[in-house]
1. Compute the projected area of the convex hull of the Cα atoms of segment 7-104, averaged over all viewing directions, and report it in nm² to one decimal place.
2. Summarise the long-distance tail of P(r) for segment 113-167 by giving the % of C-alpha pairs beyond 15 Å.
3. So between residue 196 and residue 43, what do we pick up on full extension, going 0.36 nm a residue minus the alpha carbon distance?
4. By how many nm would the segment from residue 83 to residue 115 grow when fully extended, if each residue of separation counts as 0.36 nm and the alpha-carbon distance is taken off?
5. Expressed in nm to one decimal, what extension gain is obtained for the pair residue 65 and residue 147 from 0.36 nm per residue of sequence separation less their Cα-Cα distance?
6. How big is D, in µm² s⁻¹, for the chain by Stokes-Einstein at 37 °C and 0.692 mPa s if Rh is the Kirkwood radius over C-alpha pairs?
7. What value, in deg cm²/dmol to 500, does the helix sum -39500 (n - 2.57) over DSSP H runs of n ≥ 4 give at 222 nm once divided by the residues of the chain?
8. Please give the peptides 47-58, 178-189, 114-125 ranked by average Cβ packing (other Cβ atoms within 10 Å per residue), highest first, as a rough proxy for protection.
């Protein structure tokens, strides 16, 4: 027990668990991935988890703060998350100071135009951000089925989800394999949250 907070197991609360998929997308490709993660989580969890995809340009802070799991994702520019996503990260400094997100589940995804695109660097950036907040990391433990555009986890990423989009509209790319991978990622995260709801600090004065 801390001085100002008690610990409450989320599974004892009457309301549904919450998952926030927080992302930034310049041209819609990363948004497509975020929505697929949201769909996969919803399809698995049904009414056990409320899932929302949140664009950092129109952030729902109330839902994010209430969520027991936060999934962070960004397009990759110059081997990093976008400037807009980094601005979002920096804007959480007061939440970091007050440990508002301590104990939550966290996960990450990254999308780029190249097969590599230094997506690992972006995922590591998201991982470090989550560790700063004292969150617990959930990876993507799904074995690759191959390396074609129709395959699951074709980029062989286990730290988080990696997807790749070509020089075409979001209606066309990322392709079938990456979108199905995103749905499986959402399913895995929803299962993790349901099976292991975190114990979060609750302000006794609130």
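Just so you know, all these numbers are worked out from the coordinates, no wet-lab data involved. None of these values were measured; they are calculated from a predicted model. As a convention, Cβ positions derive from the backbone with ideal geometry for all residues, glycine included, and neighbour counts pool all protein chains shown.
1. For segment 7-104, averaging the hull's shadow over all directions gives 6.9 nm².
2. Looking at segment 113-167, the distances longer than 15 Å represent 52 percent of pairs.
3. 53.2 nm
4. 9.4 nm
5. 25.8 nm
6. Using the Kirkwood radius from Cα pairs, D works out to 193 µm²/s.
7. -10500 deg cm²/dmol
8. Descending mean neighbour count gives 178-189, 114-125, 47-58.
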